[in-house]
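> Sending over a structure as structure tokens; questions will come in a sec.
The values are calculated or read from the model by the stated rules, or taken from the named source; none is laboratory data. From a predicted model like this one, the values you see are computed outputs, not experimental measurements. Methodologically, a virtual Cβ is constructed for each residue, glycine included, from the backbone with ideal geometry; neighbour enumeration extends over all protein chains shown. Surface areas here come from the heavy atoms of the whole protein model, side chains and all, with no ligands, DNA or RNA. Shrake-Rupley method; radii C 1.70, N 1.55, O 1.52, S 1.80 Å.
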Amino acid sequence: MFGLLTSLALAALITLAPTDDDAVTHREFERLQGYSTVVLNHVSDRLGTDNLPNAAGLPVEPGIFVTVLLDRLQIYDRDIVGLNAGRLDQAVAAHECVSGCALTFYDAFQETWLEAAIESSVHAVEIPQRVLFAAHEQVPARSVVDLAYAAAETRPVQPPSLHLLVNSANGGLRAMRFYLIPPGGLDLRQGSAALGLTISISRGKYVVKATDPRFAREHSVGTLAELRRLLADVKRRYPGKESAIIVPDAQVSVGELMAALTVVRPGFPRIVLSAGQRVRTP
Amino acid sequence: MQSVHLRSIAALALTTALAASASGCVRGTVMAKLDSDLAPAQRAANSFLHCVEMGSSRCVKVEDAVGGWDAFYILGWLGGGSPLSILEALPNELSMHANPRFVQRRFVAEVERYAVPIRGAECDAGDLQPIDPLIDQVAQVANERMVRLGLWRGDMSGVMQGLVDEAHETLGGGFLVRLDCSHDPHRLWVATREVDGRHVVVGLTTLLPRFLGGAPPSREDVADRLVSRSLGLVTSQAPVVAGDVDPWLPFPIEEF
């Protein structure tokens, strides 16, 4: 009823509305520059692109950008919380966060999505479908994983696509897409064709295993060269597999994670991060 | 003895029921009494909400819809909104702002969007702030932010000054009134201005930049709003693609 009446009122308003040539006009307003430049400006100013991990990536596409500095977390250009060497000093898990992500991170992203939803309703724009993480290479990789879960678990409707910003030798600022194991773990079906290749990373140690019963045993290697050889062998045996689950421990930095990924990605370009979520087979 | 006791209970119940009924019938009188302690702008805000609650078509009048509120809102959005939405929507927003019909339509659309939830939200006018200093504050923050983000381009200086001037011109002397609600949308802000000696509401929003809006909403309020019907998210469904590993891993199981 109200909608009908206000629609009628609106029709009257439109009919009666005067023209106003004095109102602010955008006729001379130039088209704004690309979003990647905005992100680059911010990352350069706050973090310095040299402090991003080095890797190849794809062009940066629009999304919510998150900057993880050693001393603070920002979403867009807003300070969210102070960090100590890239970690929360006193991390309390949010009870709603199935993955166990920090309350501070969960609340920050929940509020960000709400603001995005309101902006979407007022300005007729899409709610962002990507989240871009620019993290200092010395920040613990688990902080980024925790943030990614917080961002993904709070987004309405479905998880966003997640991207880690990297410094590419030839291309400057680039984005590397990654996925997450579902926050409550992943249940594979009976007879699933999944390999479930999983690489647990700690400093100076890489443990490789898989859920496929034909993958005989767990392998542990100590260097990236050994890891490269091991993964080349796995790829020969499973040429159709493209994914690797990466589980960094609490001591591994973003830079160390990325160094491992440069070895993993040639054979298994689809990177799935995990904070220890289990992949269960029947 | 027992019958006397029962009669007393019945009389008490009847009195209570009559009192409740009377307060429901003369709701306006009760509110007027409570409103006596409020400033005119707060009373205008409460009256506007009551009007919206009753579904009246006269809540938004043609003379009340002014570009100044729209200008103020755009400045606030530039100062605190997401750079992503600014980059995507600013040219169109400025284009629409130049057209009074769109300005009016936007105000009506916002009122319509929240009309249903407002009816059961139990909102009441809270703090109010004179709007003139807020216009200057929001303009300064927006200016600095646009420069910092690298979004300051072309005729931006003229655009920003035009928005500030327009906001002062048509909102000058007005107030920004916060309305606290028990339920979704939990918090509203309305702008008022004085017209012929009375205060009228000329704008409404549920999102104000943090630097203007005071304390952030509680986490429970945020969670509640994210599933509210007014934002339309609760009815949306994620697409399901056959053969994917999982909604979180949207690629073929054969490659996993």
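> Between beta-carbons, use under 13 Å as the cut-off and find the net charge around B:HIS168, counting Lys and Arg +1, Asp and Glu -1.
Working: positive: B:ARG193; negative: B:ASP132, B:ASP136, B:ASP165, B:GLU166, B:GLU169.
With Lys, Arg at +1 and Asp, Glu at -1, the net is -4.
> Rounded, prolate or oblate: which fits region A:199-246, taking a ≥ b ≥ c as square roots of the Cα gyration tensor eigenvalues, rounded meaning a/c under 1.5, else prolate when a/b beats b/c?
prolate
> Determine ³J(HN,Hα), in whole Hz, for all residues of region A:252-259 in sequence, where each value follows from phi through the Karplus function 6.51 cos²θ - 1.76 cosθ + 1.60 and θ = phi - 60°; x replaces Gly and Pro.
Rounded to whole hertz, the list is 7, 8, 4, x, 5, 4, 5, 4.
> Still on this model: Can you pull out the GluC sites (Glu not before Pro) in region A:148-253 that DSSP calls coil and that have at most 16 other Cβ atoms within 10 Å?
Details: sites: A:GLU153, A:GLU218, A:GLU226, A:GLU242; in loops: A:GLU218, A:GLU242.
Within region A:148-253, the qualifying GluC sites (Glu not before Pro) (loop, at most 16 other Cβ atoms within 10 Å) are A:GLU218.
> If one takes the accessible area of chain A alone plus chain B alone and subtracts that of the pair, with a 1.4 Å probe, what total in Å², rounded to the nearest 100, results? Mind dumping the intermediate values first?
Details: alone 15850 and 15300 Å², together 24320 Å².
So the total buried area for this chain pair works out to about 6800 Å².
> Something else: Place a +1 charge on the Cβ of each Lys and Arg in chain A and a -1 charge on the Cβ of each Asp and Glu, then give the dipole magnitude about the Cα centre in debye, rounded to the nearest 20. All intermediate terms of the calculation are to be shown ahead of the outcome.
Values: 27 positive and 29 negative charges, 421 e Å.
In total the dipole reaches around 2020 debye.
> Rounded to whole Å, give me the distance from the Cα center of region B:208-233 to that of region A:84-128.
For region B:208-233 versus region A:84-128, the Cα centre distance is 12 Å.
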